[in-house]
Structure formats: C-alpha cells, structure tokens
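Participant: I am attaching a structure below and will ask some questions about it afterwards.
The values are calculated or read from the model by the stated rules, or taken from the named source; none is laboratory data. The shown structure was predicted, so the numbers you read here are calculated from the model rather than taken from an experiment. In this analysis, Cβ positions are derived from the backbone assuming ideal geometry, glycine residues included, and neighbour counts consider all displayed protein chains.
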Amino acid sequence: MYEYIFGKITESAPTYVIIESGNTGYFVHISLNTYSKIQNEKNYKLYLHQIVREDAHFLFGFAEKSEREIFRLLISVSGIGANTARLMLSSLKAGEIKSAISTEDVNLLKSIKGIGTKTAQRVIIDLKDKIDKTEIEESKNVTQDANVIYEALSALTMLGFAKSPAEKALKKIYIENNKINVEELVKKALKIL
C-alpha cells in the first residue's frame, strides 16, 4: 500500500492529477477540495489510497491526511464506492462531513448530488461511532457556513428558483467569499440565476 507520492505536477484537472515521481507519471484521482489546494503548485505531496481490482489499479490522492481518512471511512459504508466518496469530498470538506455525521445532519449529506435519504442515514449509522474517534479538524465555521447557505437557499426556493441550480450558484459564490452574509449571497445569486 502506498502512503504518499511527492513529485512534479505535470497535468491537473478538477478530477485528476498527473504527478511525475522517479521519472514515472502517475494518474491520481482527486476531489475538488484537493484540486483547489494544488492548483497553483508545481510540486506537491499527495496522500494516497490505492484500490486494486481485477481489471484495474486506481490511485486516489488527497492534499491532507484527514481527507483520506474520511474517504476510507466513507468507502467502508455499503453502497458507497470510491467515486461516490470522492464526489462527497468534492461537495463538502472533510470537517463538514465529520460534523454532518456527528450531528446526524441528514439534510447536509442529502445536499450532495447522488446521495439520497437512505444513503445519508446509512452513512450516519455506520460511521457515527467511528467518526468521533478520528482526528479530523472541523472547521470552526462549518455550522455557520451551512446555515448561511441553507438560509439563502430557502430564500431562493421561496422566490421560485429550482433548488439544484440555486444551490450550485450559492456554493460557487460562497467559495469565492466566505465572509458574505445571507442578504448579499442571495443578491449575487439572483444575478447569476
């Protein structure tokens, strides 16, 4: 099992990176959170998780050990594969997922594309005891962040906007400026929608 890879980033995209180490280029699947951290880097150290199947070998890379730890916990849940876990980590940060599981926030987990009520409940049931033992740092603003986005989303849906595109717009705006309040967030989202 590989622990990490350090090398030159020769190509990167939101879902993968090619990292050259020892004159070999490795194709490594990544989440959007990892992509945002390595975007302007020339050399980087990614923590790895390897999945070996009969027909292929896959490397999944993470900018932080905490993200890899959450990934490993998520793929231990029945019905969640590596790509779903990566999607979850692209939608929410590791600390946000930990917080959602700890507080049994089904709605936050359901806000991830492809995660329904049953899957969200299964994740919480399977990982609640395990997640509390992990050393994953939770963002101090996780609850505040979720509340700001939730309140803005409620306002937009009341105005008649579809939930999915509104949520995407809000998250995009909030990533660019996480100090924004609900009112400004809604105003900026209205200009996009």
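Participant: Check the stretch 151-162 and report whether any residue there is of a type in the set (S, T, N, Q), under 24 Å from residue 80 (Cα atoms), in contact with a Lys or Arg (Cβ under 7 Å, 6 or more places away or on another chain) and modelled with pLDDT of 80 or more.
Facilitator: no
Participant: Related question: Of the conditions (1) buried (at least 20 other Cβ atoms within 10 Å of the Cβ); (2) touching a Gly at 6+ places or on another chain (Cβ under 7 Å), residue 48 clears all except one; give me its number.
Facilitator: So residue 48 meets the others, but not (1).
Participant: Same structure, new question: Taking the stretch 155-181 as the search range and keeping residues that are over 21 Å from the mean Cα position of the chain (by Cα) and surrounded by fewer than 17 Cβ atoms within 10 Å (Cβ to Cβ), which one is farthest from residue 116 (Cα to Cα)?
Facilitator: Result: 181.
Participant: Checking the conditions here, which among 18, 38, 80, 51 is assigned by TED's automatic domain parsing to the domain that holds residue 125 and of a type outside the set (Phe, Trp, Tyr)?
Facilitator: 80
Participant: Next question. Give the residues of the stretch 166-187 that are over 20 Å from residue 36 (Cβ atoms) and of a type outside the set (Gly, Ala, Ser), sorted by residue number.
Facilitator: Once the filter is applied, which keeps residues that are over 20 Å from residue 36 (Cβ atoms) and of a type outside the set (Gly, Ala, Ser), the stretch 166-187 yields 181, 182, 183, 184, 186, 187.
Participant: If I ask for residues that are polar (S, T, N, Q) and part of a strand (DSSP E or B), which ones from the stretch 1-60 would you list?
Facilitator: Matches in the stretch 1-60: 10, 12, 21, 24, 43, 50.
Participant: Let me ask something additional. Here's a check for you: in the stretch 105-123, which residue that is of a type in the set (Ser, Thr, Tyr) and surrounded by 14 or more Cβ atoms within 10 Å (Cβ to Cβ) is nearest to residue 153 (Cα to Cα)?
Facilitator: The qualifying residue nearest to residue 153 (Cα to Cα) is 111.
Participant: Select, from 59, 48, the only residue that is closer than 14 Å to residue 4 by Cα and in contact with an Asp or Glu (Cβ under 9 Å, 6 or more places away or on another chain).
Facilitator: Of the residues listed, the single one that is closer than 14 Å to residue 4 by Cα and in contact with an Asp or Glu (Cβ under 9 Å, 6 or more places away or on another chain) is 48.
Participant: How about the stretch 11-26: which of its residues are closer than 26 Å to residue 84 by Cα and either without any contact (Cβ under 8 Å) to a residue 12 or more places away in the chain or in contact with a strand residue (DSSP E or B) (Cβ under 6 Å, 6 or more places away or on another chain) (or both)?
Facilitator: Correct list: 11, 16, 17, 18, 19, 25, 26.
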